[in-house]
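Undergrad: Questions regarding the structure given below will be posed in turn.
Here, each number is a calculation from the coordinates, and none is a lab measurement. On a predicted model such as this, the values are computed, not experimentally measured, just so you know. In this analysis, Cβ positions are derived from the backbone assuming ideal geometry, glycine residues included, and neighbour counts consider all displayed protein chains.
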Amino acid sequence: MNRLSYLWMKLSAMTWLVFAQRARALQVFNAMLARWPGDAYALGSRAHLRVELGQHAQALADQQALTDSHPAVGAHWFNLGFMLEEAGRYEEALAAFQRCTELSPQLDRAWYGQGLVLIRLQRYDEAVVALKRNTELQPMSPYGWYQLARVHLDRKEPDEAAKIIRHLKGFEPKVAAQLERETGLIAGGRPS
């Protein structure tokens, strides 16, 4: 690889993106991949750009190529899982998120994504495990807690959901109030 040519092309693509010239940036990424097939930066950047351009099938193909050529990077699997979930391909998304959590067990967003896909698949017991891991890694984020409360309700466990609402009142009272409105529960577990 000619390092100077590579850096020049990378800088060129970034410059086109700064000036909102996406089509030109895409041309640069295409040229980079013609010269350096499987380059992680060019594949990932082109996938992201293609999503922005509404070219979802091509973006997904790029992201799959990225995981094929760089299979040991958890973040690549996370992005693939996210794209597959967006495409409604939940089983495949689950596999990608699971691979990500194997490679990068501290990536809280991957546990959250895994939990969401498991909810869509109505695999609530497994969703609880994934969402609990997400809340352990990101205890002050309300998103995992919110979804966990909803799963407990789906599992007919209103007392567990009420405990989460009570917990959320300590740092996210608006989310706790939203859950109370949506579920009819109050922090004590009784219908409001």
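Undergrad: Check off (1) part of a helix (DSSP H, G or I); (2) without any contact (Cβ under 8 Å) to a residue 24 or more places away in the chain for V151 and give me the number that stays unchecked.
TA: It is condition (2) that V151 fails.
Undergrad: Out of (1) surrounded by fewer than 22 Cβ atoms within 10 Å (Cβ to Cβ); (2) within 22 Å of Y41 (Cα to Cα); (3) hydrophobic (A, V, I, L, M, F, W, C), what's the single condition that is false for I119?
TA: It fails just one condition, (2).
Undergrad: Which residue, of A72, A87, is within 19 Å of P37 (Cα to Cα) and of a type outside the set (S, T, N, Q)? Before the answer, list the steps.
TA: Working: A87 fails: within 19 Å of P37 (Cα to Cα).
Only one candidate qualifies: A72.
Undergrad: Something else about it: Give the residues of region 122-150 that are among the β-branched types (V, I, T) and buried (at least 22 other Cβ atoms within 10 Å of the Cβ), sorted by residue number.
TA: Taking region 122-150 as the starting set, the residues that turn out to be among the β-branched types (V, I, T) are 128-129, 135.
Scanning region 122-150 gives a single hit, T135.
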